[in-house]
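One structure below.
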Amino acid sequence: MNKYHKPAELYDGLRLHQNENTGVCSPKVLDALRSLRADQIGFYPPYESTTTVCAEYLGVAPDRLSLLNGLDEGIMATAVGYLRPTAGGGPAEAVVPEPAFEIFAFDTEVVGGRPVRVAPNPDFSFPLERVLEAITANTRVVFLTNPNNPTGMAMPNEAIRAVARAVPAEAVVFVDEAYAEFSGVTFIPELAAFPNVLVGRTFSKAFGLAGLRIGAITGAPGALEPIRLAVPVYSVNIAATVAVEAALRDRDYLNGYLRQVEESKSLLYAACDRLGLTYCRSAANFVLVCAGDRLNAIVNGAAARGIYLRDRSGEPGCGGCLRIATGVVEHTRRCIDVMEDILCAAR
Ligand SMILES: Cc1ncc(COP(=O)(O)O)c(C=O)c1O
C-alpha cells in the first residue's frame, strides 16, 4: 500500500506549501471563539444551527448537508461507506484522474478498495474519455476535483454530468470542491438532477479555518446515508461550529481574500514569464509552476530563506513542478523576490 507523505511540520516561516489562507481567519472568528462559554465546552455540540447556516451558504436544504471534521473526513467516510468488497467478492474500485489530491488513492487502499488511476493529459485538461473507459462494473466511487489540486485547472460541469451518467447504479461521483470559492464554479445547483453526485466543501482554504477542521458534504439524502453512517456522531467540535458561523457572516473578509488571490496569481504569472518558468493558469489559490531542472534550487533555496513551497515533481505528469500558494499579496511578493534572487544568482 502507498504511504501518505504528510508534509513536514514547518511553522517557522511563510507557509506557501499547503494552500492555506496565510492571511489566516477573520477577526470575527476570533471574537466568536473568545465568547465560547464553559457550558458549550462541557457539553456535546449541537449541529442544527451550523448545519442550517452552512446549507444556506451553499444553497441547499439542511437535510442535504452533513458537517465534517474537515473535507478529509468526508473523503475517508466516502471510502468507508462506498468501497466495501463487491457482491462478487472483488475489491471495489475508485477511479482517480491524476494528478490528484493523494488522499483519494490513499483512503481507497486503507479500506481495501482498488484505486484505478487515470493518467493525465499533457496539458492537464480533464481526460474525460479515459475516465469513462476506466469505469467498470466494480466502480463504486469516482473522485473528481474542481478546480484540481495540484494543477489548479478547472473541469467542465459537462464532464461531471457525463461521468455521473456512466457509473454503475451503486456508485457515486465525489466532486471535491475544496477550492470552489476561488473559481466561483460549483456543481451544487445540479445535484437535484444528479442524485448520484456528492459535493465536498471545506472551510480550511478560503475561510482560513484549517486549524479548526471543518468541512461539509452535500447531495441527495440517499447518497449521503452511507457517509453519515461512517462519520463519528460528534466529529465536529464546538469551536469549529461557532467559528464557521462567524466566518460565513463576514463576507467582506472572504471577498478581500479572493481579490488578493487574483492579484497574487497575476503577479506570479508575470514573474514566471520574466524568469522563463512555465505554469498552469489556476482557478484556485495556488499555482503549479514548472521549473524543470531549477526545481530543487527554488524549493530548497526558498526554504533556506523561510519560505515553504511544495515540490510536486513526484506526481503524475508533474516532473519538475512545484506548487505555490497565491493568497496574501505581500506574501506572494516576498516569494517572487526570493525566486528572482535564487534564479539570478544561479545564472
Ligand atoms: C482537493 C482537496 N480536498 C480536500 C482537502 C482537505 O480539506 P480539509 O482541510 O477540509 O480536510 C484538501 C487540502 O489540501 C484538498 O486540496
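Worth pointing out:
- Test: residue in the stretch 331-347 that is assigned to a loop (DSSP other than H, G, I, E, B) and under 20 Å from the mean Cα position of the chain (by Cα): no
- Within the stretch 144-178, the residues that satisfy the criterion of being open to solvent by less than 10 Å² (accessible area, probe 1.4 Å) and either within 16 Å of Arg281 (Cβ to Cβ) or of a type in the set (S, T, N, Q) (or both) are Asn146, Pro147, Pro150, Thr151, Gly152.
- Residue in the stretch 1-21 that is farthest from the ligand (Cβ to nearest atom), counting only those that are open to solvent by less than 30 Å² (accessible area, probe 1.4 Å) and among the aliphatic types (A, V, I, L, M): Leu14
- Qualifying residue in the stretch 220-240 (condition: of a type outside the set (A, V, I, L, M, F, W, C), within 20 Å of Asn146 (Cα to Cα) and modelled with pLDDT of 95 or more): no
- Hey, Pro85 of a type outside the set (D, E, K, R) and at pLDDT 95 or above or not: no
- For the stretch 301-312, a tally of residues being under 20 Å from Pro97 (Cα atoms) and either open to solvent by less than 40 Å² (accessible area, probe 1.4 Å) or of a type in the set (Val, Ile, Thr) (or both) returns 1.
- So Val231, is it of a type in the set (Val, Ile, Thr), in the same structural domain as Pro147 (by TED's automatic domain parsing) and either within 21 Å of Tyr82 (Cβ to Cβ) or open to solvent by 30 Å² or more (accessible area, probe 1.4 Å) (or both): yes
- Residue match in the stretch 65-74 (condition: more than 16 Å from the ligand (Cβ to nearest atom) and either of a type in the set (S, T, N, Q) or not assigned by TED's automatic domain parsing to the domain that holds Pro316 (or both)): no
- Cβ-Cβ under 9 Å pairs, at least 6 apart or on other chains, the stretch 152-169 side within 21 Å of Phe124 (Cα to Cα) and among the β-branched types (Val, Ile, Thr), far side open to solvent by 20 Å² or more (accessible area, probe 1.4 Å) and modelled with pLDDT of 95 or more: Ile160/Glu190; Ile160/Phe194; Val163/Leu128; Val163/Leu132; Val163/Ile135
Quick grid of which residues meet (1) within 16 Å of the chain's Cα centre (by Cα); (2) hydroxyl-bearing (Ser, Thr, Tyr); (3) open to solvent by 40 Å² or more (accessible area, probe 1.4 Å):
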residue	(1), (2), (3)
Gly184	yes, no, yes
Phe194	no, no, no
Arg213	yes, no, yes
Ala216	yes, no, no
Ser235	no, yes, no
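The values are calculated or read from the model by the stated rules, or taken from the named source; none is laboratory data. A quick note: this is a predicted structure, and the numbers were derived from the prediction, not measured. Virtual Cβ from ideal backbone geometry, glycine too; neighbours counted across all protein chains shown. When the accessible area is computed, the model is the full protein with side chains, heavy atoms only, and any ligands, DNA or RNA have been set aside. Shrake-Rupley method; radii C 1.70, N 1.55, O 1.52, S 1.80 Å.
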